[in-house]
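Below: the structure, in structure tokens.
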Amino acid sequence: MKVLITGGCGFIGSNLVRYCLERYSDWEIINLDLLTYAGNLENTEGLEDAYPGRYTLVKGDIADRVLVADLFDRYSIDLILNLAAESHVDRSIKDASAFMRTNVVGTQILLDAAIRHGTGRFVQISTDEVYGSLGKAGKFTEDLPLEPNSPYSASKASADLLVRAYIKTYGLDAIVTRCSNNYGPYQFPEKLIPLMVINAYNNKELPVYGDGRNVRDWIHVKDHCRGICMVALDGKPGEIYNMGGRAEKENIEIVRAILAYMGKDEGLIRFVKDRPGHDFRYAMDFSKIESQLGWRPEIDFEEGLRSTVDWYLGHKTWWEKIISGEYMRYYERMYGNR
Ligand code: NAD
Ligand code: DAU
């Protein structure tokens, strides 16, 4: 089976490429990635040699219609797993342009290609953020209306609606997955957990937005990858599947847990100006995928967090290269006057 994974050099994408190659020996993976600031060749290093003939990287833009058409002509794709995206909420607040181009137009171009080439199945990797924000109680279910609050989540919700339209209008075999906050190896250090681990290691302040009481439902990236593959293989056409980690935590709890595990002082914590439109709480009801496909998260959060901290401490050269240069200019822009 020929599987197109887009965004396969990013955080979840690279974990997914590796998971698919290990788990499904008859899958050939084509990874289409633009290698933006978030895409890193080191995330997939060695895969061509480890899996001869089964892994190909194509550097390119999902929003480039000519390139995408050419790629679909060259490979006869059976399955598309669309992960390519601009993924960081704070960046979308500064400038939403790239989010609209990649997350909306890019998805439309891939959907068109899937229709034109009769691709077997399209799986759109979406996010819990499309549902908006919860108060202290309740959980997101698949039938809730979409109420995105950031330019990022609005772009992901738009893509979800396009997928729905292509199912209804053209009869495309497509499925949307919506997952909560992932953590694990290879996550770009602009995101909460790697940022806090690296700052703590460097004895730098840990910038916690607002009062730190916002809640996210954390899932290990490996559990998410397993779920994506189960949906791709056995999900029902036209459905939406939520995934979550059953690990709701306040941000401040996570930051304290990281400091405690690393033996660092809580004096490093600094409460900074809140993110505009900051969603208060996400929590996922994943009973649908559990009852239909037998998926549930397996990695315990406390254990997963420890192994993730260990991974970053053991891969200093990976993140040192990232936090030098361009990323540090972003860091100054984001946190300089906060
Ligand atoms: P990421 O930012 O780490 O990686 C995104 C990847 O997409 C990078 O490799 C980048 O180079 C590539 N890319 C960006 N624009 C592209 C374009 N125009 N054409 C081709 N490639 C392009 O993101 P991530 O955290 O791994 O998220 C992957 C997907 O999963 C996204 O669609 C995101 O919305 C979704 N998601 C993420 C989370 C999470 O917690 N990180 C949770 C749920 C859903
Ligand atoms: O819920 C799924 C989403 O999770 C994905 O769709 C997004 O692609 C992914 O980026 C993530 O979005 P969040 O905005 O929840 O993740 P982030 O790591 O940016 O922030 C997590 C929480 O931590 C959030 O409440 C904001 C807070 N935070 C974040 C940073 C970077 C801080 O307090 N300080 C920080 O420096």
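The values are calculated or read from the model by the stated rules, or taken from the named source; none is laboratory data. Fair warning: this is a prediction, and the values are worked out from it, not measured in the lab. Every residue, glycine among them, receives a Cβ derived from its backbone with ideal geometry; neighbour counts consider all protein chains shown. Side chains are part of the model used for accessible areas, which takes the heavy atoms of the whole protein and leaves out ligands, DNA and RNA. Shrake-Rupley method; radii C 1.70, N 1.55, O 1.52, S 1.80 Å.
Per residue, how many Å² of accessible area does the chain show with a 1.4 Å probe?
On the way: 13940 Å² over 338 residues.
Normalised by residue count, the accessible surface of the chain is 41 Å².
Checking the cross-link filter: which lysines have an alpha carbon closer than 16 Å to that of residue 273, excluding same-chain neighbours under 8 positions apart?
94
Among residues other than residue 246 whose Cβ falls under 12 Å from its Cβ, what is the net charge (Lys/Arg +1, Asp/Glu -1)?
With Lys, Arg at +1 and Asp, Glu at -1, the neighbours total -4.
With contacts defined as alpha carbon pairs under 8 Å and 6 or more residues apart, what's the relative contact order of segment 9-98 in percent? Walk me through the intermediate numbers first.
Numbers: 77 pairs, mean separation 25.1, N = 90.
After rounding, I find 28 percent.
Mean separation of Cα pairs under 8 Å and 6+ residues apart, divided by the residue count of the chain: what relative contact order is that in percent?
On the way: 631 pairs, mean separation 57.5, N = 338.
Taking the mean separation of contacting Cα pairs over the length of the chain, I get 17 percent.
Name the GluC sites (Glu not before Pro) in segment 1-85 that are in a loop by DSSP and that have at most 16 other C-beta atoms within 10 Å, would you? Provide the component values of the computation, followed by the final result.
On the way: sites: 22, 28, 42, 45, 48; in loops: 45.
Answer in residue order: 45.
Please identify every one of the trypsin sites (Lys or Arg not before Pro) in segment 105-147 that sits in a loop by DSSP and has no more than 11 other beta carbons within 10 Å of its own beta carbon. Numbers along the way, then the final one.
Values: sites: 116, 121, 136, 139; in loops: 136, 139.
Within segment 105-147, the qualifying trypsin sites (Lys or Arg not before Pro) (loop, at most 11 other Cβ atoms within 10 Å) are 136.
Going by the alpha-carbon gyration tensor, a ≥ b ≥ c the square roots of its eigenvalues, is segment 244-320 rounded (a/c under 1.5) or, if a/c is not under 1.5, prolate (a/b greater than b/c) versus oblate? Present the calculation step by step, with values, prior to reporting the outcome.
On the way: a/c = 2.32, a/b = 1.40, b/c = 1.66.
Note, shape of segment 244-320 comes out oblate.
At a Cα cut-off below 28 Å, give the lysines reachable from residue 236, other chains included and same-chain residues fewer than 8 away excluded.
Answer for residue 236, where 28 Å is the Cα cut-off: 2, 139, 156, 168, 222, 288, listed by chain and number.
In deg cm²/dmol and to the nearest 500, what is the mean residue ellipticity at 222 nm of the chain if only DSSP H runs of at least 4 residues count, each as -39500 (n - 2.57), divided by the residue total? The partial results should precede the final answer.
Values: 13 runs with 139 residues, N = 338.
Helix-only estimate at 222 nm: -12500 deg cm²/dmol.
Share of the chain's accessible area from carbon and sulfur, percent, 1.4 Å?
Working: 6830 of 13940 Å².
For the chain, the apolar C and S fraction of the accessible surface comes to 49 percent.
Just need the relative contact order of segment 198-258 here, percent rounded to a whole number, with Cα pairs under 8 Å and 6+ apart. Show your work: numbers first, answer last.
Numbers: 42 pairs, mean separation 29.5, N = 61.
With pairs under 8 Å counted, the relative contact order is 48 percent.
Lysines near residue 316 by alpha-carbon distance under 21 Å, same-chain residues fewer than 8 away left out - which ones?
Cross-link targets: 191, 204, 264.
Around residue 84, which amide H atoms from residues at least 5 apart in sequence, or from another chain, sit under 5 Å from its own amide H, with H modelled in the peptide plane?
6, 7
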